[in-house]
Amino acid sequence: MIELLNDLWLFMRVRKKYWLAPVILVMLLLGGLIVLSQGSAVAPFIYTLL
């Protein structure tokens, strides 16, 4: 996992694609929110936000 993150950072640094960092971060946060909301009592409230 660390190697993947390192390769991703090197790719962004070498090719000057720093704009990808916020996109990846938002995707990870939304994915984590969906995983955590499955099967919980908070799920209906989270889905109304999205």
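Annotations for the structure displayed:
Residues are listed down the side, and each one gets a yes or a no for (1) of a type in the set (Asp, Glu); (2) open to solvent by less than 100 Å² (accessible area, probe 1.4 Å); (3) modelled with pLDDT of 90 or more:
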{"residue": "LEU8", "(1), (2), (3)": "no, yes, no"}
{"residue": "ARG15", "(1), (2), (3)": "no, no, yes"}
{"residue": "PRO22", "(1), (2), (3)": "no, yes, yes"}
{"residue": "VAL26", "(1), (2), (3)": "no, yes, yes"}
{"residue": "LEU36", "(1), (2), (3)": "no, no, no"}
{"residue": "ALA43", "(1), (2), (3)": "no, yes, no"}
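- Checking each residue in the stretch 19-38 for being touching a helix residue (DSSP H, G or I) at 6+ places or on another chain (Cβ under 6 Å) and either of a type in the set (A, V, I, L, M) or not in a helix (DSSP H, G or I) (or both) picks out only LEU20.
The values are calculated or read from the model by the stated rules, or taken from the named source; none is laboratory data. In this text the structure is predicted, and so the values were computed from the model without any measurement. Cβ: placed from backbone, ideal geometry, glycine included. Neighbour counts: every protein chain shown. When the accessible area is computed, the model is the full protein with side chains, heavy atoms only, and any ligands, DNA or RNA have been set aside. Shrake-Rupley method; radii C 1.70, N 1.55, O 1.52, S 1.80 Å.
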